[in-house]
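**Q** Take a look at this one; I'll ask things after.
The values are calculated or read from the model by the stated rules, or taken from the named source; none is laboratory data. Not measured: the values here are computed from a predicted model. All Cβ positions, even for glycine, are placed from backbone atoms using ideal geometry, and neighbour counts span all protein chains on display.
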Amino acid sequence: MAHYFTDNKDLKSEEISFDCEVLGNKFTFFSDNGVFSKTHLDFGSLLLMEEFKNPDIEGLLLDLGCGIGVIGTILGKLYKREVIFTDVNPRAIFLTQKNASNNGIKFEAILTNATENVDKKFACILTNPPIRAGKKVIYNFFDEAFEKLVTNGELWFVMRRSHGVESAIKKIDELFGNYEVVKRKNGFWIVKTIKLK
């Protein structure tokens, strides 16, 4: 069975929209079949955005594995950051372009696997990684995030404990040499790490 971390061209399009509120601000997003959390803002992404602190350093924000672009669009709007979006799913990228444009942020949406063909460096990378794609894909996200962050740049991610967050933290600690569990709520963990050099 296909899932959102694929390019399923045969899946019928039935575009919808939904409203959500984040940090006292209301947003509307366009969505469709074949994307993550099609009908609503998922709890993990909401918790990540609520706990996020805008880094002191200047630079681009990357929404890695962006889906329909919720995280990058909202944080780009709230913190006036230019955002790069990446996803392997063409429909997700199409919807991200629509959602980011409608919210008036400066952005680029790139159809790619993780950060392949992305030649930029980032002050901050955020991801709600595609759990169904498997550990190899998720750990590749972390490897590529490390390569794409500037010195003192930050990686933030959300994951359920039941989906292996403690193993993911070990991977992060091996790569970055540091981590902080910012929040635990309803089985979701928000984790932050800094590229120190």
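**Q** Please state which one of VAL181, VAL150 is under 23 Å from LEU46 (Cβ atoms), of a type in the set (A, V, I, L, M) and part of a strand (DSSP E or B).
**A** After ruling out the rest, the residue left standing is VAL181.
**Q** Condition test on LYS53, is it modelled with pLDDT under 95, among the basic types (Lys, Arg) and in a loop (DSSP other than H, G, I, E, B)? Let's see the steps before the verdict.
**A** Values: modelled with pLDDT under 95: no; among the basic types (Lys, Arg): yes; in a loop (DSSP other than H, G, I, E, B): yes.
So LYS53 fails the test.
**Q** Quick one: which residue in LEU196, LEU126 is outside any helix (DSSP H, G or I), of a type in the set (A, V, I, L, M, F, W, C) and surrounded by fewer than 17 Cβ atoms within 10 Å (Cβ to Cβ)?
**A** LEU196
**Q** Determine whether LYS106 is closer than 15 Å to GLY76 by Cβ and of a type in the set (Lys, Arg).
**A** Criteria met by LYS106.
**Q** Can you tell me which of VAL158, VAL118, VAL191 is part of a loop (DSSP other than H, G, I, E, B) and touching a Leu at 6+ places or on another chain (Cβ under 9 Å)?
**A** Numbers: VAL158 fails: part of a loop (DSSP other than H, G, I, E, B); VAL191 fails: part of a loop (DSSP other than H, G, I, E, B).
Matching residue, one of VAL158, VAL118, VAL191: VAL118.
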